[in-house]
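Data first, discussion second: the structure below is written as C-alpha coordinates.
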Amino acid sequence: RVAIIGGIGSGKSTLLKLLSGLYQPQQGSLLLGGLDLGMIAEDVARGHIGYVPQDARLLNGSLRDNLGMGLNDIDDGAILDAARTTGLDGLIAARQEGLALQIQEGGRGLSGGQRSLVAITRSLLARPHVWLLDEPTAALDQQTERAALDAIFAGLDDKAILVMVTHKIPLLTRFTRVIAMSGGRIVRDGPTAEVLRD
(Lines give C-alpha, C1' and ligand atoms only; values in the text may rest on other atoms or scores of the structure.)
Protein backbone atom coordinates (compact mmCIF):
# COMPACT_ATOMS: atom_id res chain seq x y z
CA ARG A 1 0.00 0.00 0.00
CA VAL A 2 2.07 2.89 -1.34
CA ALA A 3 1.20 6.59 -1.42
CA ILE A 4 3.00 9.00 -3.73
CA ILE A 5 3.16 12.64 -2.63
CA GLY A 6 4.81 15.75 -4.04
CA GLY A 7 4.12 19.20 -5.42
CA ILE A 8 2.48 20.03 -8.71
CA GLY A 9 4.70 18.95 -11.60
CA SER A 10 6.90 16.75 -9.42
CA GLY A 11 6.36 13.68 -11.61
CA LYS A 12 3.73 11.74 -9.65
CA SER A 13 1.31 11.23 -12.55
CA THR A 14 4.18 10.47 -14.93
CA LEU A 15 5.42 7.76 -12.57
CA LEU A 16 1.96 6.15 -12.51
CA LYS A 17 1.76 6.27 -16.32
CA LEU A 18 5.13 4.52 -16.48
CA LEU A 19 3.97 1.88 -14.01
CA SER A 20 0.78 1.33 -16.02
CA GLY A 21 2.67 0.86 -19.28
CA LEU A 22 1.15 3.95 -20.90
CA TYR A 23 4.64 5.51 -21.07
CA GLN A 24 7.81 3.62 -21.94
CA PRO A 25 10.90 4.25 -19.79
CA GLN A 26 13.78 6.06 -21.47
CA GLN A 27 16.18 4.25 -19.15
CA GLY A 28 15.92 1.18 -16.97
CA SER A 29 13.03 -1.25 -17.02
CA LEU A 30 9.66 -1.91 -15.41
CA LEU A 31 9.07 -5.36 -13.98
CA LEU A 32 5.74 -7.04 -13.32
CA GLY A 33 6.09 -10.34 -11.51
CA GLY A 34 9.79 -10.35 -12.42
CA LEU A 35 9.07 -9.91 -16.14
CA ASP A 36 9.83 -6.78 -18.17
CA LEU A 37 6.47 -5.07 -18.71
CA GLY A 38 7.39 -4.39 -22.35
CA MET A 39 7.66 -8.14 -22.95
CA ILE A 40 4.20 -8.94 -21.58
CA ALA A 41 1.30 -8.96 -24.04
CA GLU A 42 -0.72 -5.78 -23.60
CA ASP A 43 -4.01 -7.59 -22.97
CA VAL A 44 -2.37 -9.75 -20.29
CA ALA A 45 -0.84 -6.70 -18.57
CA ARG A 46 -4.19 -4.87 -18.72
CA GLY A 47 -5.80 -7.84 -16.99
CA HIS A 48 -3.43 -7.43 -14.05
CA ILE A 49 -3.10 -3.63 -13.86
CA GLY A 50 -5.96 -1.28 -13.04
CA TYR A 51 -5.27 2.41 -13.71
CA VAL A 52 -7.56 5.25 -12.66
CA PRO A 53 -6.28 8.62 -13.99
CA GLN A 54 -6.89 12.03 -12.42
CA ASP A 55 -9.55 12.90 -14.97
CA ALA A 56 -11.38 9.66 -15.68
CA ARG A 57 -12.55 9.64 -19.29
CA LEU A 58 -15.67 7.67 -20.12
CA LEU A 59 -16.89 6.32 -23.44
CA ASN A 60 -20.04 7.09 -25.37
CA GLY A 61 -22.57 4.48 -24.23
CA SER A 62 -24.59 3.50 -21.20
CA LEU A 63 -23.39 3.63 -17.61
CA ARG A 64 -23.62 -0.19 -17.68
CA ASP A 65 -21.32 -0.28 -20.74
CA ASN A 66 -18.75 1.94 -19.02
CA LEU A 67 -18.77 -0.11 -15.83
CA GLY A 68 -18.56 -3.51 -17.50
CA MET A 69 -16.33 -2.63 -20.45
CA GLY A 70 -13.92 -5.48 -21.14
CA LEU A 71 -15.15 -7.53 -18.20
CA ASN A 72 -16.69 -10.95 -18.69
CA ASP A 73 -19.68 -12.27 -16.76
CA ILE A 74 -20.47 -9.01 -14.95
CA ASP A 75 -24.20 -8.81 -14.35
CA ASP A 76 -26.33 -5.94 -13.03
CA GLY A 77 -26.35 -7.44 -9.53
CA ALA A 78 -22.55 -7.35 -9.31
CA ILE A 79 -22.49 -3.81 -10.71
CA LEU A 80 -25.06 -2.60 -8.18
CA ASP A 81 -23.23 -4.32 -5.29
CA ALA A 82 -19.98 -2.57 -6.25
CA ALA A 83 -21.81 0.74 -6.77
CA ARG A 84 -23.27 0.53 -3.25
CA THR A 85 -19.79 0.24 -1.73
CA THR A 86 -18.37 3.25 -3.60
CA GLY A 87 -21.41 5.52 -3.39
CA LEU A 88 -22.14 5.40 -7.13
CA ASP A 89 -25.55 3.91 -6.32
CA GLY A 90 -26.76 7.46 -5.55
CA LEU A 91 -26.29 8.43 -9.20
CA ILE A 92 -27.95 5.24 -10.41
CA ALA A 93 -30.95 5.70 -8.12
CA ALA A 94 -31.31 9.41 -8.96
CA ARG A 95 -31.74 8.76 -12.68
CA GLN A 96 -34.82 7.12 -14.09
CA GLU A 97 -32.67 5.29 -16.65
CA GLY A 98 -30.58 3.62 -13.92
CA LEU A 99 -27.72 1.63 -15.46
CA ALA A 100 -29.08 2.45 -18.94
CA LEU A 101 -28.17 6.12 -18.39
CA GLN A 102 -26.48 7.32 -21.57
CA ILE A 103 -23.05 8.84 -21.13
CA GLN A 104 -21.54 11.11 -23.73
CA GLU A 105 -17.96 10.78 -24.98
CA GLY A 106 -15.51 11.72 -22.24
CA GLY A 107 -18.21 11.55 -19.59
CA ARG A 108 -19.87 14.87 -20.40
CA GLY A 109 -23.02 15.25 -18.37
CA LEU A 110 -21.45 13.79 -15.24
CA SER A 111 -19.50 15.73 -12.64
CA GLY A 112 -15.81 15.06 -12.07
CA GLY A 113 -16.68 13.23 -8.86
CA GLN A 114 -19.25 11.04 -10.62
CA ARG A 115 -16.73 10.16 -13.34
CA SER A 116 -14.23 9.22 -10.62
CA LEU A 117 -16.78 6.98 -8.92
CA VAL A 118 -17.51 5.23 -12.22
CA ALA A 119 -13.77 4.57 -12.72
CA ILE A 120 -13.29 3.37 -9.13
CA THR A 121 -16.35 1.11 -9.32
CA ARG A 122 -15.14 -0.35 -12.61
CA SER A 123 -11.77 -1.12 -10.99
CA LEU A 124 -13.54 -2.89 -8.13
CA LEU A 125 -15.39 -5.03 -10.66
CA ALA A 126 -12.16 -5.78 -12.59
CA ARG A 127 -10.26 -6.78 -9.42
CA PRO A 128 -6.76 -6.08 -10.77
CA HIS A 129 -3.64 -7.34 -9.01
CA VAL A 130 -1.98 -3.92 -9.29
CA TRP A 131 -4.05 -0.80 -8.55
CA LEU A 132 -2.66 2.52 -9.83
CA LEU A 133 -4.80 5.44 -8.69
CA ASP A 134 -4.00 9.07 -9.55
CA GLU A 135 -5.82 11.23 -7.00
CA PRO A 136 -9.03 9.24 -7.51
CA THR A 137 -10.91 11.03 -4.72
CA ALA A 138 -9.82 14.63 -5.41
CA ALA A 139 -13.29 15.60 -6.71
CA LEU A 140 -15.23 13.82 -3.94
CA ASP A 141 -16.65 15.19 -0.70
CA GLN A 142 -15.24 13.71 2.52
CA GLN A 143 -18.06 11.23 3.13
CA THR A 144 -18.02 9.89 -0.43
CA GLU A 145 -14.21 9.80 -0.40
CA ARG A 146 -14.22 7.74 2.80
CA ALA A 147 -16.75 5.28 1.32
CA ALA A 148 -14.79 4.96 -1.94
CA LEU A 149 -11.47 4.41 -0.16
CA ASP A 150 -13.03 1.93 2.26
CA ALA A 151 -14.37 0.02 -0.77
CA ILE A 152 -10.96 0.04 -2.48
CA PHE A 153 -9.07 -1.14 0.59
CA ALA A 154 -11.70 -3.80 1.36
CA GLY A 155 -11.39 -5.05 -2.22
CA LEU A 156 -7.64 -5.66 -1.95
CA ASP A 157 -6.44 -9.16 -1.21
CA ASP A 158 -3.15 -9.87 0.55
CA LYS A 159 -1.21 -10.09 -2.71
CA ALA A 160 -2.68 -6.96 -4.31
CA ILE A 161 -0.50 -3.89 -4.78
CA LEU A 162 -1.94 -0.39 -4.43
CA VAL A 163 -0.07 2.72 -5.53
CA MET A 164 -2.00 5.97 -5.12
CA VAL A 165 -1.09 9.60 -5.75
CA THR A 166 -2.57 11.97 -3.19
CA HIS A 167 -2.12 15.50 -1.88
CA LYS A 168 -4.15 14.71 1.23
CA ILE A 169 -1.82 14.14 4.18
CA PRO A 170 -4.59 12.68 6.44
CA LEU A 171 -5.01 9.80 3.95
CA LEU A 172 -1.39 8.68 4.38
CA THR A 173 -2.20 6.66 7.51
CA ARG A 174 -3.97 4.15 5.22
CA PHE A 175 -0.64 3.32 3.54
CA THR A 176 2.39 1.32 4.65
CA ARG A 177 4.89 3.20 2.48
CA VAL A 178 5.21 6.76 1.19
CA ILE A 179 7.23 7.96 -1.80
CA ALA A 180 7.88 11.72 -1.99
CA MET A 181 8.76 13.22 -5.37
CA SER A 182 10.28 16.52 -6.44
CA GLY A 183 11.56 17.65 -9.83
CA GLY A 184 10.85 14.31 -11.46
CA ARG A 185 12.86 12.37 -8.88
CA ILE A 186 12.11 10.29 -5.81
CA VAL A 187 13.47 12.28 -2.87
CA ARG A 188 12.11 10.15 -0.02
CA ASP A 189 10.88 6.57 0.16
CA GLY A 190 10.13 4.77 3.36
CA PRO A 191 7.61 3.51 5.90
CA THR A 192 4.73 5.93 6.37
CA ALA A 193 5.50 6.70 10.03
CA GLU A 194 9.10 7.63 9.20
CA VAL A 195 8.21 9.85 6.26
CA LEU A 196 5.48 11.62 8.25
CA ARG A 197 7.86 12.13 11.17
CA ASP A 198 10.47 13.67 8.86
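The values are calculated or read from the model by the stated rules, or taken from the named source; none is laboratory data. Since the structure is predicted, the reported quantities are computational estimates derived from the model, not experimental observations. Using ideal geometry, Cβ is built from the backbone for each residue, glycine included, and neighbour counts are taken over all protein chains shown. Surface accessibility is based on the protein's heavy atoms, side chains included, excluding ligands, DNA and RNA. Shrake-Rupley method; radii C 1.70, N 1.55, O 1.52, S 1.80 Å.
Quick look at the numbers
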read-out	value
Among G87, L133, G47 - extreme Cα towards positive end, dipole of the chain, charges at beta-carbon	L133
Angle between the chain longest axis and helix 76-86 axis [Cα atoms, degrees, rounded to 10]	50 degrees
Ordering of 126-137, 29-40, 86-97 by burial proxy (mean other Cβ atoms within 10 Å per residue, highest first)	126-137, 86-97, 29-40
Length added when fully stretched, A193-H167, from 0.36 nm per residue minus Cα-Cα	7.7 nm
Sulfur and carbon atoms: percent of accessible area, the chain [1.4 Å]	50 percent
Amide hydrogen neighbours beyond the local backbone of G11, cut-off 5 Å, H modeled	G184
12 Å beta-carbon shell around A56, net charge (K/R +1, D/E -1)	0
Modelled label reach - N72, point 7 Å along Cα→Cβ, region 109-130 residues with backbone N closer than 11 Å	none
Helix axis angle, 112-126 relative to the chain longest principal axis, alpha carbon, degrees	80 degrees
Assigned charges on the beta-carbon of Lys, Arg, Asp, Glu; region 1-91 dipole about Cα centre (debye)	460 debye
Total formal charge among the other residues, if their Cβ is under 13 angstrom from that of P25, Lys/Arg +1 and Asp/Glu -1	0
Solvent-accessible ranking of S20, S182, largest area first, probe 1.4 Å	S182, S20
Three-way shape call for region 134-198 based on the alpha-carbon gyration tensor, with the a/c threshold at 1.5	prolate
DSSP-defined beta bridges in the chain - what % are antiparallel, rounded to 5	35 percent
Structure-based [θ]222 nm, the chain - -39500 (n - 2.57) summed over DSSP H runs of at least 4, per residue, nearest 500	-10500 deg cm²/dmol
Candidates A78, A148, A56, ranked by Gaussian network fluctuation over the chain, Cα under 10 Å, top entry	A78
At q = 0.17, 0.20 Å⁻¹, base-10 log of I(q)/I(0) for region 71-154 (Debye sum, equal scatterers on each alpha carbon)	-0.68, -0.96
Cβ charges +1 (Lys, Arg) and -1 (Asp, Glu), total dipole of the chain, debye	540 debye
Cα-centred dipole magnitude for region 127-173, charges only on beta-carbon of K, R (+1) and D, E (-1), debye, nearest 20	80 debye
Where labels lie 7 Å past Cα in the beta-carbon direction, separation of E97 and K17 in nm	3.1 nm
Reciprocal mean inverse distance between Cα atoms of region 1-47 - Kirkwood radius, Å	11.9 Å
Projected label distance in nm at D141 and D81, using a 7 Å step from Cα toward the beta-carbon	2.8 nm
Label point distance in nm, D43-K159, each placed 7 Å from Cα along Cα→Cβ	2.2 nm
Around G68: net Lys/Arg minus Asp/Glu count, Cβ-Cβ under 14 Å	-2
Å² of accessible area per residue within the chain, as computed with a 1.4 Å probe and no ligands counted	54 Å²
Where Rh is the Kirkwood radius over Cα pairs, Rg/Rh for the chain	0.97
Residue (of A147, Q96, V195) at the positive-pole extreme of the chain, dipole from beta-carbon charges	V195
